[in-house]
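Report on the following structure.
The values are calculated or read from the model by the stated rules, or taken from the named source; none is laboratory data. Quick caveat, the model's predicted, so the values are computed rather than measured. Counting neighbours? That spans all protein chains shown, and the Cβs are built from the backbone with ideal geometry, glycine included. Areas reflect the complete protein model, heavy atoms only, side chains present, ligands, DNA and RNA absent. Shrake-Rupley method; radii C 1.70, N 1.55, O 1.52, S 1.80 Å.
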Amino acid sequence: MYYPLLRGRQFELIALRDLANATISQGTIAPILEPVKESFNNLNLALNVFRSTSQEAFLIVNPLVGELRGDHDVYLNYLQDNPYPIRRAFHFQNNAPYISEAITTFNLGECMLICPNDVNPDDADFRGLTNLEAIQYIVVEDPGRNRALSRYIRGLGKNFIRLDDLFERQIRNSDFLDIQEHRFSEEHLHYADEGFAGFSDYTALPSYYSDSGSTPRAVVIHLTYPNGDNQIWIRHFTSDTNDSIANVQGKFAEAAAKAVTFCRHRQLHNAAIIELEDYFERQHYPGLGTVKKISIKNHLLVVQEYLSNR
C-alpha cells in the first residue's frame, strides 16, 4: 500500500478527489492528509468524496505546519462532529501524554503515529504509546538512519511504513533547467521484501511547507514515470524565458511543449497526462495550482499502475 503524505491544500485535495471519483486509488493508495487551513471547506469536499467512494485515508490531527499547527483537539472534535470514515494520525514529537489522552477521550482505534528517525526506542513514553492497541500504523521518516528503532517497531507486529523525502527542492524554479532526468524512487519495488507494510513520500512535491506564494520567474512541470526496470524516474520540464515574472502563460506553454513532446515520445499515457495535453493543444493556461495538481495526480497514477499490476 502507498501512503502519500499531502498537505490539505486545494489542489492536493482535488487531485485525490479526481482519483477517488474515478475509483482508481482504492485498494492501493491511502493518503495521509495534513490539514493546513482554518477553513474546512476543501477538506469537507474531499472527505465527502472519500466517504462516497470508500477511499481509505488518514487525517493528521496535530499538524506540524499551517494555520492550526500543534497539539490540540480542533481536528479531533471536527471528526467527532462529522463522522467521516477516516482514521486519525498523530505526529509524535515527545508528546505521548497528549496522544494517549486523545485516544482515550475520543475512543479512537486504528490510529497512525508519524515519527522522526531520532526517536529513542527505549523511551518509556514511546514504548507505552506504541504498545497501545489503538496504534496500528507507525510511519518513520528515513528509517534506515535508526536501526534500533526499526527493530523495535518490527517486533511490535504492527503496520510499519517507511517515509522518504524524495523531491530535491531548488532555490529557484529556473535551477531545474540544469537538472537532468534522474531516478526518483524504487521503494514500491522493495518495501515488502524489506519488511514494511507500506511506503510513503511527499509525491512529486517538496516536504518543505510555505504559506506564502508568489509569481515565479520560471514554470516547471514535474513528471514522474516508470523506466524499463520499473524504477520511478522524474523529469523537470522548465520554461526557457525566465528573466522576469511576466507572461506566465507563455512560460507554461514552453514547459508544456517539452512535457507533451517527451510523454508522446515515451508513450506515457494516463489521466494526468491527457489533461496536460488538452491544455497544451487548446493553448489554455490553467493556473499554477492545476500544474501542481497534474504533477501530483501523475505521480499517484504511476505508483497505482505499478501496484495494481505487479
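Here is how the numbers come out for the structure above:
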| item | result |
| --- | --- |
| Condition check for Tyr137: among the aromatic types (Phe, Trp, Tyr) and without any contact (Cβ under 8 Å) to a residue 40 or more places away in the chain | no |
| Single match in Ile153, Ile138, Ile99 (criterion: part of a strand (DSSP E or B) and among the β-branched types (Val, Ile, Thr)) | Ile138 |
| Any hit, segment 111-119, residues being among the β-branched types (Val, Ile, Thr), assigned to a loop (DSSP other than H, G, I, E, B) and modelled with pLDDT under 95 | no |
| Residue satisfying condition, being on the phi < 0 side of the Ramachandran plot, out of contact with any Cys (no Cβ under 6 Å at 6 or more places or on another chain) and in contact (Cβ under 8 Å) with a residue 12 or more places away in the chain, within set Asn41, Asn77, Asn82, Asn94 | Asn82 |
| Residue tally, condition open to solvent by 10 Å² or more (accessible area, probe 1.4 Å) and without any contact (Cβ under 8 Å) to a residue 40 or more places away in the chain, over segment 28-38 | 2 |
| Breaking point among (1) assigned to a loop (DSSP other than H, G, I, E, B); (2) open to solvent by less than 10 Å² (accessible area, probe 1.4 Å), for Leu19 | (1) |
| Extreme residue, modelled with the highest pLDDT, among residues of segment 201-225 that are among the charged types (D, E, K, R) and assigned to a loop (DSSP other than H, G, I, E, B) | Arg217 |
| Among residues of segment 99-124, those that are open to solvent by less than 50 Å² (accessible area, probe 1.4 Å) and within 22 Å of Gly70 (Cα to Cα), counted | 15 |
| Any hit, segment 54-62, residues being open to solvent by 30 Å² or more (accessible area, probe 1.4 Å) and farther than 21 Å from Ser308 by Cα | no |
| Gly144 under 22 Å from the mean Cα position of the chain (by Cα) and small (Gly, Ala, Ser) | yes |
| Residue match in segment 240-260 (condition: within 30 Å of Gly144 (Cα to Cα) and either touching a residue at least 12 places away in the same chain (Cβ under 8 Å) or in contact with a helix residue (DSSP H, G or I) (Cβ under 8 Å, 6 or more places away or on another chain) (or both)) | no |
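This table checks each residue for (1) small (Gly, Ala, Ser); (2) touching a Leu at 6+ places or on another chain (Cβ under 8 Å); (3) open to solvent by 50 Å² or more (accessible area, probe 1.4 Å); (4) more than 18 Å from Ile232 (Cβ to Cβ).
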position	(1), (2), (3), (4)
Phe126	no, no, no, yes
Leu129	no, yes, no, yes
Glu133	no, no, yes, yes
Tyr202	no, yes, no, no
